[in-house]
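Asker: Here it is, the structure in full.
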Amino acid sequence: KCLRKATFQQIPLQSFPRESAKSALIRVLFVELKQVVAPRTQYSIQQLASSMHLYIIRHAWAYEHGDPRWPDDSQRPLEQEGAERFARVVELLTQRGFAPDAIATSPFVRCRQTAEIVAAHSTQSPQLVELDGLKPGSDFAELIEWTKQQRVESVAWVAERKDLIYSL
């Protein structure tokens, strides 16, 4: 509704059998940044670049929330199977042109691990930066400012934040 122009690349649902269709579609989402406005902030994504690709990536499968092994949820890692499956998806996307030049990740362990998988499969050797703006409930403005400063064709945001998807 808030997207004036967007191109969505959908991943086949078979790639994510444990997830709902909605969750699978937001897992890896491609948005072409042309006149896209972020409500709830004074910043416009349109200001980022005249032609920039933004990849919004929610972390790969992680251990269950509330697992007593990680009382600090920010330390909860990816499951081995989740990391392997996500790596296969990234390999397929890379064959189709997925190649972020820069990657911003939440400091959460599972997000950092997901970002490292993206970086390892990228043909661009992207810079990897941790940003608090990708933590749940954080200020979207920091993320926009960082992205505006990048002088690249494509940026990936790796986050825990479901609210990030809905902010766009």
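The values are calculated or read from the model by the stated rules, or taken from the named source; none is laboratory data. What you see is a predicted model, and the numbers here were worked out from it, not measured in a lab. Glycine also receives a Cβ, built like all others from the backbone with ideal geometry; neighbour counts cover every protein chain displayed. These accessible areas exclude ligands, DNA and RNA; they are computed on the full protein's heavy atoms, side chains included. Shrake-Rupley method; radii C 1.70, N 1.55, O 1.52, S 1.80 Å.
Asker: Regarding Gln113, is this residue at pLDDT 95 or above and within 29 Å of Asp139 (Cβ to Cβ)?
Answerer: Criteria met by Gln113.
Asker: Here are some residues: Val158, Val90, Val118, Val129. Which one is closer than 22 Å to Met52 by Cα, in contact with a Cys (Cβ under 6 Å, 6 or more places away or on another chain) and at pLDDT 90 or above?
Answerer: Testing whether each residue is closer than 22 Å to Met52 by Cα, in contact with a Cys (Cβ under 6 Å, 6 or more places away or on another chain) and at pLDDT 90 or above leaves just Val158.
Asker: Hey, another quick one. Among (1) farther than 23 Å from Asp139 by Cβ; (2) open to solvent by 20 Å² or more (accessible area, probe 1.4 Å); (3) part of a helix (DSSP H, G or I), there is one condition Val89 misses while meeting the rest; what is its number?
Answerer: (2) is the only condition that Val89 fails.
Asker: Might you let me know whether segment 42-60 holds any residue that is assigned to a loop (DSSP other than H, G, I, E, B), buried (at least 17 other Cβ atoms within 10 Å of the Cβ), small (Gly, Ala, Ser) and at pLDDT 90 or above?
Answerer: Taking segment 42-60 first, the residues assigned to a loop (DSSP other than H, G, I, E, B) are 42-44, 48-51, 59-60.
Then keep just the ones that are buried (at least 17 other Cβ atoms within 10 Å of the Cβ); that gives 43, 48-49, 59-60.
Checking which are small (Gly, Ala, Ser) leaves us with 49, 60.
With at pLDDT 90 or above added as a condition, the list becomes 60.
So far as segment 42-60 goes, yes, one or more of its residues are assigned to a loop (DSSP other than H, G, I, E, B), buried (at least 17 other Cβ atoms within 10 Å of the Cβ), small (Gly, Ala, Ser) and at pLDDT 90 or above.
Asker: Only one of (1) assigned to a helix (DSSP H, G or I); (2) among the aliphatic types (A, V, I, L, M); (3) open to solvent by less than 70 Å² (accessible area, probe 1.4 Å) is not met by Ala120, so which one is it?
Answerer: All conditions are met except number (3).
Asker: Now for a separate question. Scan (1) closer than 15 Å to Tyr55 by Cα; (2) open to solvent by 20 Å² or more (accessible area, probe 1.4 Å); (3) under 14 Å from the mean Cα position of the chain (by Cα) for the single condition Ala104 breaks and write down its number.
Answerer: The number of the failed condition is (2).
Asker: Let me ask another. Checking Glu145 against (1) in a helix (DSSP H, G or I); (2) open to solvent by 10 Å² or more (accessible area, probe 1.4 Å); (3) closer than 23 Å to Ala62 by Cβ, which test does it fail?
Answerer: That leaves (3) as the condition not met.
Asker: Looking at the structure I just gave you, is Thr123 among the hydroxyl-bearing types (Ser, Thr, Tyr) and within 14 Å of the chain's Cα centre (by Cα)?
Answerer: Working: among the hydroxyl-bearing types (Ser, Thr, Tyr): yes; within 14 Å of the chain's Cα centre (by Cα): no.
So Thr123 fails the test.
Asker: So Ala115 passes all but one of these: (1) over 23 Å from Trp61 (Cβ atoms); (2) open to solvent by less than 30 Å² (accessible area, probe 1.4 Å). Which condition number does it fail?
Answerer: Looking at each condition in turn, Ala115 falls short on (1).
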